[in-house]
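The structure under discussion appears below in the form of structure tokens.
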Amino acid sequence: MQHVLIIHEVNAYPAWKAIFDQAADIRKQAGEISYQLLRYDDDANKIVHFSEWASLDKARRFFESPELAEIRRRAGVKAPDFMYLQEIERGVL
């Protein structure tokens, strides 16, 4: 499995979440399979977006696209940090 971990601060979570939800179709078309949203315990505007992708190449093309840069700008995203990850093991305890 291929995953992307994005850590970013947003101006206001509710405004960011509305735009995130509006982009669901383009994320799916780009190759996103599933996602989780988490926030820092002490700051509701620091968001972690963890997602599974069909391929890391597709994820890179999407996240580095001018279209997504504009969406991030409108959503109030501050300096996102992207990590492209290959799963090596999964377990349940």
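The set of residues in the range 1-27 that are surrounded by 13 or more Cβ atoms within 10 Å (Cβ to Cβ) and charged (D, E, K, R) comprises Glu9, Lys17, Arg27. Annotation note: Cβ proximity below 6 Å between a residue of the range 81-93 that is assigned to a loop (DSSP other than H, G, I, E, B) and a residue that is modelled with pLDDT under 95 (sequence gap 6+ or interchain) occurs for Glu87/Met1.
Exactly one residue out of Glu70, Glu32, Glu87 is open to solvent by 30 Å² or more (accessible area, probe 1.4 Å) and in contact with a strand residue (DSSP E or B) (Cβ under 9 Å, 6 or more places away or on another chain), and it is Glu87. Among the residues making up the range 53-67, those that are surrounded by 13 or more Cβ atoms within 10 Å (Cβ to Cβ) and more than 12 Å from the chain's Cα centre (by Cα) are Ala54, Leu56, Lys58, Arg61, Ser65. Within the range 75-84, being over 17 Å from Ser51 (Cα atoms) and either surrounded by 13 or more Cβ atoms within 10 Å (Cβ to Cβ) or touching a Cys at 6+ places or on another chain (Cβ under 6 Å) (or both) holds for Ala75, Gly76, Val77. Restricting Phe50, Phe62 to residues that are of a type outside the set (S, T, N, Q) and out of contact with any helix residue (DSSP H, G or I) (no Cβ under 8 Å at 6 or more places or on another chain) narrows the list to Phe50. Set side by side, the residues Ala44, Ala30 differ, and just one is in contact (Cβ under 8 Å) with a residue 24 or more places away in the chain and over 14 Å from the mean Cα position of the chain (by Cα), which is Ala44.
The values are calculated or read from the model by the stated rules, or taken from the named source; none is laboratory data. Model, not experiment: these values are computed from the prediction. With ideal geometry, Cβ positions are generated from the backbone for all residues, glycine too; neighbour counts draw on all protein chains shown. For the accessible areas, the whole protein counts, side chains as well, though only heavy atoms, and no ligand, DNA or RNA atoms are used. Shrake-Rupley method; radii C 1.70, N 1.55, O 1.52, S 1.80 Å.
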